[in-house]
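Written out below as structure tokens is the structure these notes cover.
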Amino acid sequence: MACLEQIRLGELLVQHKIISKEQLDIALEQQKISKRKLGRVLMENDFVTEENLCKALSRQLDIPYINLEHFKIDHELVKLLKEDQARRFQAIVLKKENEKLLVGMADPTDSYATEEIKRILNRRITIAVIAEGQLLNTIDSGYFRSQRIFGLD
């Protein structure tokens, strides 16, 4: 996996011709004001799709991108992380690969979250990038949260 230090997402997206330099400049100005993540600002302006953002990160970090819409979720593996941990770290366990666990993360550059997940799972892990929206939907269905909230269980 590539070094996770200070990836300049905007420059990466411009380099891969996913966004223009002008779009990056607009988004950076808005980010300064709103204090939101650059990726979120770019998506809100329709400069980039979440999938293109994830694919760019995947290439830069040399880790897989997994589209959860086309992935069979093992709900028992998902539950290896408690729901609050999955939400806090924006991560889910996707697959067991020999002695390692494949963990999908919305922000694979979050080294604190990665270290905490390793500690919690007490296993070696490999990381994949996943779309935040798909992750949240998967967490909702994996932990049956929406059913509990609405008293449908």
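Please treat every number below as a calculation from the coordinates, not as lab data. Treat the numbers as computed from the prediction; the structure is a model and nothing was measured. Cβ: placed from backbone, ideal geometry, glycine included. Neighbour counts: every protein chain shown.
Compute the long axis of helix 50-61 from its Cα atoms, compare it with the longest principal axis of the Cα atoms of the chain, and write down the angle in degrees, 0 to 90, nearest 10.
90 degrees
Treat the chain as a sphere of radius equal to its Kirkwood radius over Cα pairs and apply Stokes-Einstein at 10 °C in a medium of 1.306 mPa s; give the translational diffusion coefficient in µm²/s, rounded to a whole number.
97 µm²/s
For a quick check: with amide H placed at 1.01 Å from N, whose amide H comes under 5 Å from residue 126's, ignoring anything fewer than 5 positions away on the same chain?
101, 102, 103
Compute from the Cα atoms of the stretch 9-48 the Rg and the Dmax, the latter being the longest Cα-Cα distance, and quote both in angstrom.
8.9, 26
Between residue 40 and residue 69, how many nm apart are label points set 7 Å from Cα along the C-beta direction?
So the two model labels end up 2.3 nm from each other.
Taking the dipole about the Cα centre of the chain, with the C-beta of Lys and Arg at +1 and of Asp and Glu at -1, give me whichever of 126, 67, 104 is farthest to the positive side.
Final value for the positive-end residue is 126.
To the nearest 10 degrees, how steeply does helix 132-142 sit against the main Cα axis of the chain, on a 0 to 90 scale?
Value to nearest ten degrees: 10.
Where in the chain is the longest stretch that carries no chymotrypsin sites (Phe, Trp or Tyr not before Pro) classed as loop by DSSP and with at most 13 other Cβ atoms within 10 Å?
The longest uninterrupted stretch comes out as 1-143.
Taking R0 as 41 Å, what FRET efficiency do you get between residue 11 and residue 136 from their Cβ-Cβ distance, rounded to the nearest 0.05?
Numbers: r = 27 Å, r/R0 = 0.67.
Computed FRET efficiency for residue 11 and residue 136: 0.90.
GluC sites (Glu not before Pro), restricted to the stretch 43-127: which are DSSP loop and have at most 14 other Cβ atoms within 10 Å? Show your work: numbers first, answer last.
Details: sites: 44, 50, 51, 69, 76, 83, 97, 99, 115, 116; in loops: 99.
Here the sparse-neighbourhood loop sites are 99.
Does anyone have the angle between helix 111-121 and the longest principal axis of the chain? Alpha-carbon axes, 0 to 90°, nearest 10?
Between helix and principal axis, roughly 10 degrees.
If the cut-off is a Cα-Cα distance under 17 Å, which lysines reach residue 17, setting aside same-chain residues fewer than 8 apart in sequence?
55
Over the Cα atoms of the stretch 68-133, Rg to Rh with Kirkwood Rh, two decimal places?
Dividing the radius of gyration by the Kirkwood radius yields 0.91.
Hand me the trypsin sites (Lys or Arg not before Pro) from the stretch 1-83 located in a DSSP loop with no more than 11 other Cβ atoms within 10 Å, in residue order please.
Sparse-neighbourhood loop trypsin sites (Lys or Arg not before Pro): 17, 35, 72, 82.
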